[in-house]
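Right, one structure below, let's go through it.
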Amino acid sequence: MINVIGLGYIGLPTALMFAANGIKTVGTDYNYGLVNTLQKKQLPFEEDGLNIIFSDALSQNNITFSTEYAIEDIYIVAVPTPYDKKTKKVDAKYIINAVRTILKVCPQNAIIVIESTVSPGTIDQHVRPLIHNANKDNIHLVHAPERIIPGNMLAELQNNPRTIGADDPVIGERIKTLYTSFCKGKITVTDIRTAEMSKVVENSFRDINIAFANELAKICHESGLDVYEIIKIANMHPRVNILSPGPGVGGHCISVDPWFLVGDYPGLANIILAARKINDSMPEYVLERISEIMKKHNISTVEKIGLYGLTYKENVNDTRESPTLQLLEKMKKHLAFGIKVYDPYIKDSIVENQYLDLDNFLNDIDLVVIMTAHDELKNNLNKFKNKIILDTRNCCCLKNTYKL
Ligand SMILES: NC(=O)c1ccc[n+]([C@@H]2O[C@H](COP(=O)([O-])OP(=O)(O)OC[C@H]3O[C@@H](n4cnc5c(N)ncnc54)[C@H](O)[C@@H]3O)[C@@H](O)[C@H]2O)c1
């Protein structure tokens, strides 16, 4: 039996995956509303195939949900790990709280698996002392960072290779066997610090590569060149693989984890810092492109402009750190109010001037800025054909379309 702590975007699919594959699982979250929803057999967010493993887990009687921590041999912790905006270091308070509570209930020799992403050394610095101070030195620690991407979570849970960092290789192998219940990818067992570092390195690599594409977009625009054509040609080189530029980097991973290295290794993490700055500058750059286009088309008020997409990536409902939210924040700083916003995945009003209906949104604007390339947009391009478009995702081929 296992207890998964934290039932968000990572913890819930993980708990359901274990349960659907024969492992008795208790899912714990301190959010009463969320636990209540799950107990009513409803899912709190959409994800391809999640409903299927939810039914599988329920029909096998392998999953229960609670706000209480259970007495189990294995705990899997998937709580948030934001970064401190001032120091740029990982904010470990959620992990510390979760581990403290586990230590109050767990039996001797229990295993605590931290799935949350942490900066290298976090477990030694913040988690190990909790165990020592609780006089529970027989508790085993493991770090099993998660790599899945929203929108393709279940396929990635099953197929991605995993890393398991453990103090004791025998415990590492035991946890590897547990994950093998659903994971067909290669599982590497290593030590905890290596697992911590490799996860943060992976996301920093992604961030740097996105920043390169974003920098090229600015350079090409300045030179009157088509960045997408340049990237297409450059990528024909057998050892070049440039990513696509975009309006910025959002989500809970790529826009956060590289900061851990910047915070812990100031002066050494130079490319990582530069990449973060470039990617964080993109919403401001989109604003500059909007004003250029407004001037060209004699649009005098931002009220005739609409941002399509609030989520940080296509076909998900996750708005955390999204470029659109970053852009709206910047507009407030410029005292520019009244821009319209729409996203088919966001059914509640979370920002000002948000529309819940595509047709009403389009009726009220002249210039639409594509911030997220949801399938809804691609399937309804004809509705956009009389608009001026700024396409930050290179997903639209209509006339009157400007690119980054
Ligand atoms: N979201 C992703 O795409 C993704 C991908 C890979 C790794 N990660 C990492 O996984 C971790 C979790 O991220 P997430 O996106 O699932 O976060 P989330 O905010 O969606 O979910 C976290 C959940 O933990 C609960 N929680 C917090 N403290 C708790 C406590 N002490 N006891 C019980 N419940 C508690 C919250 O109520 C929330 O429901 C983070 O470290 C993140 O960096 C996320």
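Every read-out reported here was derived from the displayed coordinates using simple, explicitly stated rules and does not represent laboratory data. Values in this document were obtained by computation on a predicted structure and should not be read as measured data. Cβ placement follows ideal geometry from the backbone for every residue including glycine, while neighbour counts extend to all protein chains displayed.
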| query | Any idea what log10 I(q)/I(0) is at q = 0.14, 0.15, 0.24 Å⁻¹ for the range 178-276, Debye with uniform C-alpha scatterers and no solvent? | reply | -0.70, -0.77, -1.18
| task | May I ask you to list the GluC sites (Glu not before Pro) in the range 286-363 that are in a DSSP loop and have at most 12 other Cβ atoms within 10 Å of their Cβ? | result | Glu352
| task | Based solely on C-alpha atoms, express the radius of gyration and the Dmax of the range 298-404 in angstrom. | result | 12.6, 35
| note | FRET efficiency for Asp191 and Asn152 from the Cβ-Cβ distance with R0 = 30 Å, rounded to 0.05, comes out at 0.55
| query | Can you list the aspartates and glutamates whose alpha carbon sits under 15 Å from that of Lys86, skipping same-chain ones fewer than 8 residues off? | reply | Asp257, Asp264
| remark: So, over other residues within a Cβ distance under 10 Å of Met294, counting Lys, Arg +1 and Asp, Glu -1, the net charge is +2
| field | Relative contact order (%) - the chain, alpha-carbon pairs under 8 angstrom, separation at least six | value | 11
| query | In the range 1-75, which GluC sites (Glu not before Pro) are in a loop and have at most 16 other Cβ atoms within 10 Å, using DSSP for the loop call? | reply | Glu46, Glu68
| request: Would you mind checking the range 14-28 for residues with the amide N under 14 Å from a putative spin-label position 7 Å along Cα→C-beta of Glu68? | output: 26-28
| How long are the three semi-axes of the equivalent ellipsoid for the range 1-120, computed from the Cα gyration tensor as the root of 5 times each eigenvalue, in whole Å, largest first? | 24, 18, 12
| field | Cross-link table Lys313/Lys333; Lys41/Lys93; Lys104/Lys136, entries beyond 19 Å C-alpha to C-alpha | value | Lys313/Lys333; Lys41/Lys93
| message | If the reach is capped at under 22 angstrom between alpha carbons, list the lysines near Lys387, excluding any in the same chain fewer than eight residues apart. | response | Lys295, Lys296, Lys304, Lys340, Lys378, Lys399, Lys403
| task | List the extent of the Cα atoms of the chain along each of their three principal axes, largest first, rounded to whole Å. | result | 71, 49, 42
| In nm, to one decimal, how far is the modelled label at His334 from the one at Asn270, with both set 7 Å along Cα→Cβ? | 3.2
| remark: In the chain the DSSP beta bridges are antiparallel at a rate, in percent to nearest 5, of 5
| query | Residue by residue, what Karplus-based ³J(HN,Hα) values in Hz, rounded to whole numbers, does the range 300-310 have, using 6.51, -1.76 and 1.60 with θ = phi - 60° and x for Gly and Pro? | reply | 9, 10, 5, 5, 8, 10, x, 9, 8, x, 10
| note | Listed with the fewest Cβ neighbours within 10 Å leading, His143, His297, His237, His126 appear as His237, His297, His126, His143
| remark: The Cα extents of the range 202-403 along the principal axes, largest first and rounded to whole Å, are 50, 36, 30
| request: With only Lys, Arg, Asp and Glu charged, each at its Cβ (+1 for the first two, -1 for the last two), find how big the charge dipole of the chain is about the Cα centre; round to the nearest 20 debye. | output: 460
| request: Give me the net charge of Ala57's neighbourhood, meaning all other residues with Cβ under 11 Å from the Cβ of Ala57; Lys, Arg count +1, Asp, Glu -1. | output: +1
